[in-house]
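First comes the structure, then the notes that go with it.
The values are calculated or read from the model by the stated rules, or taken from the named source; none is laboratory data. Just so it is clear, the structure is predicted and the values come from calculations on it, not from any experiment. Virtual Cβ from ideal backbone geometry, glycine too; neighbours counted across all protein chains shown. Ligands, DNA and RNA are excluded from the accessible area calculation, which covers all protein heavy atoms including side chains. Shrake-Rupley method; radii C 1.70, N 1.55, O 1.52, S 1.80 Å.
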Amino acid sequence: MKHVLLLNLHQKYEGIANGNLTRDILKEAKSFFLNHGYEVKETTIDEGYDVAEELEKFKWADLFFVQSPVYWMGLPWLGKKYIDDIFSGGTGAVTYASDGRSRNDPSKTYGSGGLMGEKRYMLSFTYNCPESEFDNPDGFFDGLSLDQANIALHKTFQFCGVKPYPSFSVHDIYKSEFDLDTALHNLHSHLEQNLH
């Protein structure tokens, strides 16, 4: 049986970002994984977490499904704190052994010391901006793709040896025509297409 850890990196801001969409996305993802024979564990960082318990979950997981809103072009600060706490807390035992380099072997390169090479991850983001701002030389992100705009989180997982599945994203979440059912259908299709 495969093991998936659902990571809810939402940080609540009353009246602006209550976390309902993140909750709904993770509920849909959990249903998908349970229906496809995965064992599921979950972490909601806004409810608090214990580093030792999280590291046990990281050891256990085959797949990390990371759902986060994008605040000011990055993770909520609590999401970044979680990443710092857990990835650093696992040094030498769970996440990475070293930065990979060796004084005795110059062929060993930076970022090759990860301990999670058998694991995979998928990023899922919610944005206020339209999807058209990505992969657009005239767009706000200067032609960057969704993944290029979120390179720091990708590189964090890569540093620890974890390999990516294609990312998922939901856009225009504050627009009046935003349709939750369509967003959840798209997530289901994305998971079906990339995981089975």
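Overview of values
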read-out	value
Condition met for Q158 (assigned to a helix (DSSP H, G or I), closer than 27 Å to K108 by Cβ, open to solvent by 30 Å² or more (accessible area, probe 1.4 Å) and without any contact (Cβ under 8 Å) to a residue 12 or more places away in the chain)	no
Count of the range 161-196 residues which are outside any helix (DSSP H, G or I), open to solvent by 50 Å² or more (accessible area, probe 1.4 Å) and among the β-branched types (V, I, T)	0
Test for P137: is it farther than 24 Å from L6 by Cβ, at pLDDT 95 or above and open to solvent by 40 Å² or more (accessible area, probe 1.4 Å)	yes
Pair list, Cβ under 6 Å, 6 or more apart: the range 89-116 residue in contact (Cβ under 8 Å) with a residue 24 or more places away in the chain, other residue of a type in the set (K, R) and open to solvent by 60 Å² or more (accessible area, probe 1.4 Å)	V94/K59
Number of positions in the range 162-196 that are out of contact with any Lys or Arg (no Cβ under 9 Å at 6 or more places or on another chain), hydrophobic (A, V, I, L, M, F, W, C) and closer than 23 Å to G15 by Cα	5
Within the range 9-37, tally of residues that are in contact with a strand residue (DSSP E or B) (Cβ under 9 Å, 6 or more places away or on another chain) and either open to solvent by 20 Å² or more (accessible area, probe 1.4 Å) or without any contact (Cβ under 8 Å) to a residue 12 or more places away in the chain (or both)	5
Criterion: charged (D, E, K, R) and touching an Asp or Glu at 6+ places or on another chain (Cβ under 8 Å) - qualifying residue of K81, K12, K57, K41	K12
Residue list for the range 161-190, filter: under 18 Å from N18 (Cβ atoms) and among the aliphatic types (A, V, I, L, M)	V170, I173, L180, A183, L184
Helices (runs of 4 or more DSSP H) wholly inside the range 1-92 containing at least 3 residues that are closer than 30 Å to L144 by Cα	20-35, 77-89
Any hit, the range 101-117, residues being open to solvent by less than 80 Å² (accessible area, probe 1.4 Å), under 14 Å from the mean Cα position of the chain (by Cα) and under 18 Å from L153 (Cβ atoms)	no
